[in-house]
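Each remark here refers to the structure printed beneath this line.
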């Protein structure tokens, strides 16, 4: 039995029965990282000593009969989630040597559960990208085909789970950055409702869009991770004081009585791969066989979503990233004695091309004379998109669509074409604009053997029904049992 290949819930059973120890499990994951990460390059930092120490503590708790579903479970974090004493770079040179003095709220939650934190995972710089090619340090590769991207910006988080280099991970989703890489890497990834999970300690990209969520090998594991990190946090003013259900308790039964909406605009999109279209069509048939009623709905302002998003997100990024000026913390260029030149050099050298592009776009859109034409107009479109979803959910319980228009593309294929890269999020970013939850679950493979993801979206705080629907589909489809072959 390869311990690193275990699911979270299966590993929990073995730990609880003392068939394995947390130290054995952690060593197996460290061995897996050593064996395959030279090719995948998912990790920026591996904290082997810290992980083994946490595993030893977990074993002591287990001996005392004190075990939770995540006790002794090796997990890893996207490198924009602050970790006390462990570097948090956001994939950027400007934070290359930054070590936070505190843990993010989600890290506090994981430590309270006595999970074992293995390290920090690669990402597009400041979460700006859809392929993890915009990291300042390394390019992460897709475990299913190492000539292809894992998706982004949480590409390291998805690839690490797919390659068994952790049993679960956390990422962040601003416009699809959990769901799209989950689709490309053949794992489960969920963006919760905005406000369901605290953003305290998450380095901000776009504050009204960012949300932390889990990656897992299956839906049940996703539910366990989401339960651990959800709940109100007074340190985050956007965190919603609302009770959190036991997500894993509802993973049973069929889907009788459930109405699934099929957004017309998501199925008529130019550039939708025939392989993706076929897989989604099969998924619709599976939902019907499970007792769900599938009906066509419309989201009439979908055509404006990409444009609205790529005004709002850069505007918020321009504001959030103003703090990286070479004075407070992070990289500082010392080649000039002039203050303004130091600012200019620090940001020109410290930020990569994609981050600079979005800061410039956002600053322009917020400038005097252009605010009403761009940011205000985009915000008005955002309201129309929210209304579209609210209207759709009057006639259905959840929405079904592709997660991404194509399977994973080749490394370098779109890196110099920002528009093509931005359009890879066409099915995911509307959920961020509306603040609703979404999940990607594997639903098939392309003719080249690449994973394809199915996206489910629901009303605010409908994570419970999304997880149940995803679980029922997963059990019927049987796709999640297939693994990438990293030995070829």
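What follows draws every value from the coordinates through simple rules; no lab data is involved. Everything numeric here is computed off the predicted structure, so don't read it as measured data. Glycine gets a Cβ as well: all are built from the backbone with ideal geometry, and neighbour counts include every protein chain shown.
A few remarks follow.
- For segment 37-196, DSSP calls about 40 percent of its internal beta bridges antiparallel.
- Model label zone, residue 1; criterion: amide N under 12 Å from point 7 Å along Cα-to-beta-carbon; scope segment 207-224: none
- Förster-model FRET efficiency, 60 Å R0, residue 322 and residue 267, C-beta, rounded to 0.05: 0.90
- Per-peptide average of other Cβ atoms within 10 Å, ordering 161-168, 13-20, 199-206 highest first: 161-168, 199-206, 13-20
- Estimated FRET transfer efficiency (residue 232, residue 390; beta-carbon r; R0 30 Å; 0.05): 0.80
- Taking a ≥ b ≥ c as the square roots of the Cα gyration tensor eigenvalues, segment 3-251 comes out rounded, since a/c falls below 1.5.
- Inter-site label distance for residue 242 and residue 96 at 7 Å from Cα along Cβ, in nm: 4.3
- Length released on extending from residue 379 to residue 207, taking residue separation times 0.36 nm less the Cα-Cα span: 60.5 nm
- Each residue, residue 336 and residue 10, gets one label point 7 Å from its Cα in the Cβ direction; the gap between the two is 5.7 nm.
- Counting DSSP beta bridges with both ends in the chain, the antiparallel % (nearest 5): 65
- Which of 191, 376 has the fewest Cβ neighbours within 10 Å, and the rest in rising order: 376, 191
- Relative contact order (%) - the chain, alpha-carbon pairs under 8 angstrom, separation at least six: 17
- Protection proxy ranking for 109-122, 84-97, 253-266, using the average of other Cβ atoms within 10 Å per residue and placing the highest first: 109-122, 84-97, 253-266.
- By the helix-only formula, in which each DSSP H run with n ≥ 4 contributes -39500 (n - 2.57) and the sum is divided by residues, the chain has a 222 nm mean residue ellipticity of -11500 deg cm²/dmol.
- By the count of other C-beta atoms within 10 Å, a proxy for reagent exposure, 382, 242 are ordered fewest to most as 242, 382.
- For segment 355-473, the gyration tensor built on C-alpha atoms gives an oblate shape. Its axis ratio a/c (a ≥ b ≥ c) is at least 1.5, and a/b is not larger than b/c.
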